[in-house]
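Worksheet for the structure shown next.
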Amino acid sequence: KLLNMMDDPRHQRIRQLVTKGFTPKRITRLRADLEAITGSTLDSVAPEPGRRGSCDLVTDVAAELPLQAICLLLGAPGEDRHALCEWVDITSSDFSDEVPSSVRAEASASLFQYGQRLIRDRTADPQDDLLSVVIHGELPDQDPPRLDETEVAMFWSLLFTAGAETTRKAIATGIWELSKSPEQFEALRADRSLMPAAVEEIVRWTTPSVYKRRTATRDTVLGGQQIRAGDKVVVWEMSANRDEAIFDAPFEFRIDRAPNNHVGFGHGPHFCLGANLARLEVDVMLDAVLDRWHHIEATGEPTYTRTNRLSGLRTLPIAFTDIAPPAD
């Protein structure tokens with residue numbers, strides 16, 4: 001089973017093991033690398049001095065940081081990131097995308113098999129990465145004490161998909177929403193102390209993971225609704241993040257929203273393991289864009305992911321003015 005589809009007590013034991021790879025120290029250590037990746041990404045689309053630049057906000061900019069970050073965290077070679085991204089995109093696409101089921105199955109198998117090869121490498125030669133932590137960590141009171149190769153490969157597929165796909169959408173949508181609200185863009189540019197609240201509002205507004213589907217294990221009553229054991233239950237996080245009973249003006253994008261009790265990272269025992277990494281990635285990318293980009297505008301119509309599972313932009317052509325930092 002995937003970790004996000006698993007119940008306690010095994011879920012909690014495995015989560016405790018995986019959490020060792022998401023310590024604040026390990027995540028903070030990534031910041032310099034993330035800043036370097038972001039600078040290189042913005043340099044790659046920078047125009048000639050004094051000229052307007054153009055790029056696709058999603059594929060050229062927002063996709064790069066999460067992809068390279070998750071490769072760093074898991075120990076996958078960065079040069080493989082584009083093949084990995086393509087497999088993730090195909091695997092998570094909706095059937096309405098006219099992607100043949102055979103192509104989807106092949107992409108899913110390729111991602112899984114890539115993970116298996118990397119797992120075998122790390123089993124024989126552990127490195128300072130999350131995959132090695134998961135492979136060689138031991139579960140308390142379990143026999144055998146370690147996850148088997150299939151379980152680790154399932155974890156790999158889950159984390160790579162979640163880490164690359166959802167944060168990409170949050171970054172792209174966040175920059176786009178700010179570009180449509182020049183007052184908020186300039187307020188954030190002038191006062192970076194607003195950044196933590198802005199990041200939380202971007203997660204609430206975007207809600208890349210739209211819902212969770214579960215099967216009730218026993219009879220219960222929830223919100224006056226009778227639920228029987230075996231019933232399918234869907235929790236719509238996108239709806240919860242627009243709840244008028246919780247949020248003031250929930251259909252407005254406000255970077256100073258407080259309180260902001262969103263469920264963009266889930267809630268409870270299954271709260272997103274990578275939440276702090278996602279926050280850091282959005283923070284780093286926004287910080288760099290605020291330093292360099294001015295007058296961002298869409299030059300074409302956006303396209304969206306055609307699935308109700310993961311929500312967000314697929315492509316968005318933009319133009320911008322880049323004020324690149326001075327050379328060292």
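The values are calculated or read from the model by the stated rules, or taken from the named source; none is laboratory data. The structure displayed is predicted, hence computed values, not measured ones. Note that each Cβ is placed from the backbone with ideal geometry, even for glycine, and that neighbours are counted across all protein chains shown.
A compact table of results
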read-out	value
Test result for residue 52, among the basic types (Lys, Arg), surrounded by 13 or more Cβ atoms within 10 Å (Cβ to Cβ) and closer than 30 Å to residue 298 by Cβ	yes
Test set (1) without any contact (Cβ under 8 Å) to a residue 24 or more places away in the chain; (2) among the small types (Gly, Ala, Ser); (3) on the phi < 0 side of the Ramachandran plot - residue 62 fails condition number	(1)
Residue within the stretch 88-95 that is part of a helix (DSSP H, G or I), surrounded by 14 or more Cβ atoms within 10 Å (Cβ to Cβ) and small (Gly, Ala, Ser) present	yes
Flag for residue 231 being free of Cβ contacts under 8 Å to residues at least 40 places away in the same chain, among the acidic types (Asp, Glu) and out of contact with any Leu (no Cβ under 9 Å at 6 or more places or on another chain)	yes
Breaking point among (1) of a type outside the set (Phe, Trp, Tyr); (2) free of Cβ contacts under 8 Å to residues at least 24 places away in the same chain; (3) over 25 Å from residue 13 (Cα atoms), for residue 135	(3)
Matching residues, the stretch 9-48, being in contact (Cβ under 8 Å) with a residue 12 or more places away in the chain and not in a helix (DSSP H, G or I)	30, 45, 46, 47
Residues that are surrounded by fewer than 20 Cβ atoms within 10 Å (Cβ to Cβ), farther than 18 Å from residue 316 by Cα and of a type outside the set (Asp, Glu), drawn from the stretch 28-46	28, 29, 30, 31, 32, 36, 39, 40
Residues within the stretch 185-226 that are within 20 Å of residue 237 (Cβ to Cβ), outside any helix (DSSP H, G or I) and of a type in the set (Gly, Ala, Ser), tallied	3
Verdict on residue 64 being surrounded by fewer than 20 Cβ atoms within 10 Å (Cβ to Cβ) and acidic (Asp, Glu)	no
All positions within the stretch 254-303 that are in contact (Cβ under 8 Å) with a residue 12 or more places away in the chain, among the small types (Gly, Ala, Ser) and either surrounded by fewer than 16 Cβ atoms within 10 Å (Cβ to Cβ) or in a loop (DSSP other than H, G, I, E, B) (or both)	258, 264, 266, 274, 298, 300
Selected residue [surrounded by 18 or more Cβ atoms within 10 Å (Cβ to Cβ), part of a helix (DSSP H, G or I), small (Gly, Ala, Ser) and over 16 Å from the mean Cα position of the chain (by Cα)] from 69, 107	107
Residue identified as surrounded by fewer than 19 Cβ atoms within 10 Å (Cβ to Cβ) and either modelled with pLDDT of 95 or more or over 23 Å from residue 69 (Cα atoms) (or both) among 170, 187	187
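Condition check ((1) touching a Leu at 6+ places or on another chain (Cβ under 8 Å); (2) loosely packed, with under 13 Cβ neighbours inside 10 Å; (3) over 29 Å from residue 301 (Cβ atoms); (4) modelled with pLDDT of 95 or more) across all residues:
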{"residue": "166", "(1), (2), (3), (4)": "yes, no, no, no"}
{"residue": "178", "(1), (2), (3), (4)": "yes, no, no, yes"}
{"residue": "181", "(1), (2), (3), (4)": "no, no, no, yes"}
{"residue": "242", "(1), (2), (3), (4)": "no, no, no, yes"}
{"residue": "252", "(1), (2), (3), (4)": "no, yes, no, yes"}
